[in-house]
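Written below as structure tokens is the structure these notes are about.
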Amino acid sequence: MAGVQGYRLFNVVLARKQVLSPSMLSCVFSGEEVRHMKMDAPDQRIKLLFPSLNGTPAALSAEGSWWDQAKAMDAEVRPIARTYTIRRVNVDAGEMEVEFVMHGTEGPASAWAAAAEPGNKLQIVAPNRDHREDSGDRQRIVFEDAKLRLLRHLGRNTNAGIEDVGGRCRAATGADLVETVDHGLGELRPPVEDEGE
């Protein structure tokens, strides 16, 4: 689609936070613009734009390249960009979730997440739903038998579903992505711990 960028700038607000463990924090962001966000893969990379060195919140324009705008700014007022993975996107609710590993207040991302309150604004660079093509390359993954058993075991213990389909392994995640892996090694055996060890 000519003229439609694969990635775009999103203006969001923090809707809520949830402590997942002493070192993990879930942040759910909301906003009308999230309805235009997409997740092409379960490891979808995004950029979160945190306040600058002097504390200025990111306020880049949706017009043009966010990167060119940021590079043109003085370091003191330039947003601090950090790469994260989308945990989930709910376009109907206009919400998306990111999980933070908490490192205290030394890093800009961890410090922001720890101090942020619902209603705090943030800018995010993420895949654009209006861009119909994939935002990145798909990869075909081939596993040897032992790794395939591990993949299947992990699928039972996460939100991914792994199933054997006629000599092929289908791995489906919470995203719309479904990868099919041809292992060609006959029947899948259960992982070692399922064999009584």
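Quick notes on this structure:
- From the alpha carbon centroid of the range 27-64 to that of the range 78-99 is 6 Å.
- Set of the range 69-83 residues, backbone N closer than 16 Å to the point 7 Å along the Cα-Cβ line of Lys121: 78-80
- Taking 7 Å steps out from each Cα toward its Cβ at Arg132 and Glu32 produces label points 2.5 nm apart.
Just so you know, all these numbers are worked out from the coordinates, no wet-lab data involved. Values in this document were obtained by computation on a predicted structure and should not be read as measured data. Positions of Cβ are generated from backbone atoms using ideal geometry, with glycine treated the same way; all protein chains shown enter the neighbour counts.
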